[in-house]
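These notes are about the structure you will find just below.
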Amino acid sequence: MGRDAPGPGPHQIPGLLRLAVTDPLRSLYQTVSRYGDVVEAPIAPGRSFHLFTRPEHVEHILVARQSRYGKAFTYRPLQEWIGLGLITSDGELWERQRRLIQPLFSYRRVAALEPLMVTAVRRMLDDWDRTPESGRVVDAAVEMSGLTLDIVGATLFGADLSGDRDRIFHAVETLQDAVTKVIRNPFTWVSTTMARYTSPGFRSWDRAIATIDEVVSRVIAERRARPADDGAPRDLLDALLAARYDDGSAIDDKQLRDEIITFFMAGHETSANCLAWTFYLLSTSPHARERLEDEVDTVLAGRTPEPEDLDKLVWTKAVLSESMRLYPPVWTVERDAVEEDEVGGVRVRPGSTVVVPPYLVHRHPGVWENPEAFDPERFLPPRSTGRPKYAFIPFGGGRRGCIGNVFALMEVTLALAMITQRYRLDLLPGFDPEPKVTVTLRPKHEMAMLLHRRSR
Ligand code: HEM
């Protein structure tokens, strides 16, 4: 079997782990600049951390040899709160759930939800319109989080969650911090429960999940009391209640709760971060923004976008791709090897953890010219042709790839187009665009932006 890869020696590991805890992105940068794009850090006898950032290695791990890997131990703390939904489960349970849920995220089903997405965006824009011009300074991250939460509420569960916005926003933020703290607590190696109770702030976490549980139970109870009249699903929750496993049985209440909380957690923060970073990047690039405004004005001519319009918004989509390249909402993807493997000539032992971080894969200098620059043109032909498929993995890849990618792309494209039709967002001076690294990559500080009304 293959050789061992370059990487830090045993005496360097504690320093690297400390940096990984305090500043994960810098520790990643430092590691690849010192050791290259295939790195091994031995952390226990027979067990290593591996870092791979070349597209062919990503493809090997996430697609070609995916059966040799399971979700990494780093997802375990999430199970404590969100249970065993699609993100956190593995093996037979995951297979059964994915088979049940996959059809609900087909293009046809998602396109049917488009009018609800449009209504949510319009509601936010109308709220902005009502704000006196002098007060039109918003935290773009908070606005986008509110918007995507409304969209999740309306499209997935048919619920108006606007009254719960602040509570949910804080609960999700608290839980993301919690998961991050637990993962970075050294006791995680022994037991996630032990890590949980020895991490600062753990008491507030149960309150956060209680908030989310309360909202989700209310949504389920309302639906059970008010089933769809004609049997036609109005949203994902109806569809999930109507779906049947291969043996004809329906989803039970516990699994329903876990899946709904999973969609809640996975389905709004990610898209919100994508939009917030996009507005930040556009405010730094007048040329890209003007081209976006021209495209939206020409293709839509003042109309509300329909699903068929989205294919014509080529620059809009290139802007969003470039934004997710630089700020991938899910910045790291990790797997634990369940069988021995060899990646790029390097031996991966069972029990070892492999990390394929979109954040670095998207900056690989062998693939991306001038990788730190915001340059949406690179997603258009001719520059986009010939690039390896797994050089760009905002939604992961293989069987465990994002189930919500069609949904997310429709949502962010619509939102960016509709917001651009009415508003231009300018960053207030003094914003520090540093990302805060939790489960997702959100802006560290308030992203204060000034809203300019474009037309009436
Ligand atoms: C821009 C927005 C989004 C991004 C960048 C994103 C990214 C990702 C990534 C990278 C994964 C794979 C993680 C891994 O392999 O370990 C994933 C999985 C997942 N995502 Fe998304 N996601 C987004 C939006 C959504 C939405 C809107 C939903 C649901 C409505 C969703 C639901 C899920 C679920 C359930 C999984 C787990 C799938 C499985 O393991 O079977 N995501 N997402």
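Each row is one residue, and each column tells you yes or no for (1) among the polar types (S, T, N, Q); (2) touching a helix residue (DSSP H, G or I) at 6+ places or on another chain (Cβ under 8 Å); (3) closer than 30 Å to I212 by Cβ.
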site: P14; (1), (2), (3): no, no, no
site: T31; (1), (2), (3): yes, yes, no
site: P42; (1), (2), (3): no, yes, no
site: Y69; (1), (2), (3): no, yes, yes
site: T74; (1), (2), (3): yes, yes, yes
site: I82; (1), (2), (3): no, yes, yes
site: E92; (1), (2), (3): no, no, yes
From the list T316, T270, T304, T284, which residue is more than 30 Å from R76 (Cα to Cα), of a type in the set (S, T, Y) and crowded, with 23+ Cβ neighbours inside 10 Å? T316
Residue list for segment 54-67, restricted to those being more than 19 Å from the chain's Cα centre (by Cα) and buried (at least 19 other Cβ atoms within 10 Å of the Cβ): R54, P55, H57, E59, H60, I61
Within segment 354-368, the count of residues that are assigned to a loop (DSSP other than H, G, I, E, B) and more than 12 Å from E334 (Cβ to Cβ) comes to 7
Of the residues in segment 369-391, how many are assigned to a loop (DSSP other than H, G, I, E, B) and closer than 30 Å to T304 by Cα? 5
Could you list, in sequence order, the residues of segment 403-433 that are within 7 Å of the ligand (Cβ to nearest atom) and buried (at least 19 other Cβ atoms within 10 Å of the Cβ)? I403, G404, F407, A408, E411, V412
Checking V121 against (1) away from the ligand (no atom under 13 Å from the Cβ); (2) of a type in the set (A, V, I, L, M); (3) surrounded by fewer than 20 Cβ atoms within 10 Å (Cβ to Cβ), the condition it does not meet: (3)
Give, as residue ranges, the helices (runs of 4 or more DSSP H) completely inside segment 202-316 that count at least 3 residues that are modelled with pLDDT of 95 or more, among the acidic types (D, E) and out of contact with any Phe, Trp or Tyr (no Cβ under 8 Å at 6 or more places or on another chain). 286-300
Can you tell me which residue is nearest to the ligand (Cβ to nearest atom) among those in segment 331-361 that are basic (K, R) and under 21 Å from A20 (Cβ atoms)? R335
Among what's in segment 124-137 and is assigned to a helix (DSSP H, G or I) and modelled with pLDDT under 90, pick the residue that is surrounded by the fewest Cβ atoms within 10 Å (Cβ to Cβ). S134
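The values are calculated or read from the model by the stated rules, or taken from the named source; none is laboratory data. Just so we're clear, the structure is a prediction, and the values are computed from it rather than from any experiment. Cβ atoms come from the backbone with ideal geometry, glycine included; neighbour counts cover every protein chain shown.
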